[in-house]
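The values are calculated or read from the model by the stated rules, or taken from the named source; none is laboratory data. The structure presented is a predicted model; accordingly, all values stated were derived computationally and were not measured. Don't worry about glycine lacking a Cβ; one is built from the backbone with ideal geometry, like all the others, and counts go over all protein chains shown. The area values use the complete protein model at the heavy-atom level, side chains included, leaving out ligands, DNA and RNA. Shrake-Rupley method; radii C 1.70, N 1.55, O 1.52, S 1.80 Å.
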Amino acid sequence: GVSTEQLDKNIDKQLYNTYMAGAEHATNATETKDMLGMANRVASRLDSIDLKGDYQTAIKLYLLLLQNTTDPTQRADTYYRLARAYDMSGDLNKELDTLTALTQQYPDSPYFLEAQFRRGEMLFANSEFDTAAQAYQAVVKAGTGSFYEQSLYKLGWSNYKLGDYNKSLDNFFA
């Protein structure tokens, strides 16, 4: 027979597809956002392999949502979700561009610190230590949050990679 786990996964895939279809056929931006939000919650329980093709639909809908709303809170939320969809679909360049847009346009967003941290991680991995340091510094400047300690550590490493050993030591022993 079919395992309970496989059955749950099949139900989640059907729910995800239903929410995505609802988002595609929504009559307004709020309904689209709500449907995409529900799809996102279900997607978190599924493997990215199961959803790879579906992320293209999500990306298309998030871009449409950005075109059709001027509400700053909704736009910041959509940029965040769009970056996640690009991440899950494997398009890291567009993910970085989207996170950058989010941080530049909505610095007061609740997503700002996480977006800067994720930018820092991506830039560091690409050996763009100067820009990575700027992203980590933005998180460190806030002085709190769940990304503070890790950002301080990676800021130290970024400065070390840039050859600024004194600044690096200051970061490591802050």
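With the structure loaded, tell me whether ASN171 is surrounded by fewer than 20 Cβ atoms within 10 Å (Cβ to Cβ), assigned to a helix (DSSP H, G or I) and at pLDDT below 95 or whether it fails that test. Against the criterion (surrounded by fewer than 20 Cβ atoms within 10 Å (Cβ to Cβ), assigned to a helix (DSSP H, G or I) and at pLDDT below 95), ASN171 does not qualify.
Across segment 11-50, the number of residues qualifying as modelled with pLDDT under 80, assigned to a helix (DSSP H, G or I), over 23 Å from ARG75 (Cα atoms) and open to solvent by less than 80 Å² (accessible area, probe 1.4 Å) comes to 2. Starting from segment 139-156, take each residue that is within 13 Å of PHE172 (Cβ to Cβ) and of a type in the set (Phe, Trp, Tyr) and list its partners that are part of a helix (DSSP H, G or I) and open to solvent by 40 Å² or more (accessible area, probe 1.4 Å), counting only C-beta distances under 9 angstrom and pairs at least six apart or across chains. The qualifying pairs are TYR153/PHE172.
For segment 138-156, the set of residues classified as of a type in the set (Ser, Thr, Tyr) and either closer than 12 Å to GLN116 by Cβ or assigned to a helix (DSSP H, G or I) (or both) consists of TYR148, SER151, TYR153, listed by residue number. Scanning segment 85-95 for residues that are open to solvent by 30 Å² or more (accessible area, probe 1.4 Å) and either within 18 Å of LEU123 (Cβ to Cβ) or assigned to a loop (DSSP other than H, G, I, E, B) (or both) turns up ASP87, GLY90, ASP91, LEU92, ASN93, LYS94.
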